[in-house]
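Let me begin by handing over the structure; questions about it come next.
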Amino acid sequence: MPRTRGWQASDDPVRLVEQTWQKADPDAKALACYGVLWQRGSLKAPIGDQMSLRFVDGRPVSDITTQFLDWCCTELEHQGKTAWLLIWDNASWHDRKVVRTWIRAQNQHVKSEGKGVRLLPLFLPKQSRLSQFYPA
């Protein structure tokens, strides 16, 4: 089982129960979560006190990813932002051709129109340097 951490009340500890998937189970085998931390304030003193999450039954396919990116860009534009530093893990759907093409088209559209939000995707390293201090 993976190492996990969580906040909990001392009299009601969090329990992680490993369950096996049953073929007859009507629920999806996977649950994907997209999230964005909205920051406001200055660059030197940002305030990140609001987060939006989108949960999706099943696998996070490219179409759902681009819908979420489009929605976030619209929200950021309403906030007056012009760029979005997008920090991603190495999930396979983050690097799909459809998603890369959508980001490229979005950035070209913003450049040609002179308005909108440009995306600057940054992928985390495959293995964090912190893993040497917190081995699995």
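Kindly check whether there is at least one residue in region 10-18 that is of a type in the set (A, V, I, L, M), at pLDDT 75 or above and surrounded by 10 or more Cβ atoms within 10 Å (Cβ to Cβ).
The answer is no, given that none of the residues of region 10-18 is of a type in the set (A, V, I, L, M), at pLDDT 75 or above and surrounded by 10 or more Cβ atoms within 10 Å (Cβ to Cβ).
Please work out which one of (1) under 16 Å from L120 (Cα atoms); (2) surrounded by 15 or more Cβ atoms within 10 Å (Cβ to Cβ); (3) under 18 Å from the mean Cα position of the chain (by Cα) is the condition V56 fails and give its number.
Single failed check for V56: (1).
Among what's in region 43-74 and is of a type in the set (V, I, T) and part of a helix (DSSP H, G or I), pick the residue that is nearest to A91 (Cα to Cα).
Once the filter is applied, the top-ranked residue is T65.
Moving on to the next point. I'd like the residue in region 88-123 that is modelled with pLDDT under 90 and loosely packed, with under 11 Cβ neighbours inside 10 Å and, out of all such residues, is farthest from D63 (Cα to Cα).
L122
Which of the numbered conditions does R40 fail, given that it passes all the others? Conditions: (1) assigned to a loop (DSSP other than H, G, I, E, B); (2) at pLDDT below 90; (3) surrounded by 11 or more Cβ atoms within 10 Å (Cβ to Cβ); (4) over 17 Å from the mean Cα position of the chain (by Cα).
Result: R40 passes all but (1).
Does D27 satisfy being of a type in the set (D, E) and modelled with pLDDT of 80 or more?
Taking the combined requirement at face value, the residue does not satisfy it.
The values are calculated or read from the model by the stated rules, or taken from the named source; none is laboratory data. In this text, all values refer to a predicted model and were calculated from it rather than measured experimentally. As a convention, Cβ positions derive from the backbone with ideal geometry for all residues, glycine included, and neighbour counts pool all protein chains shown.
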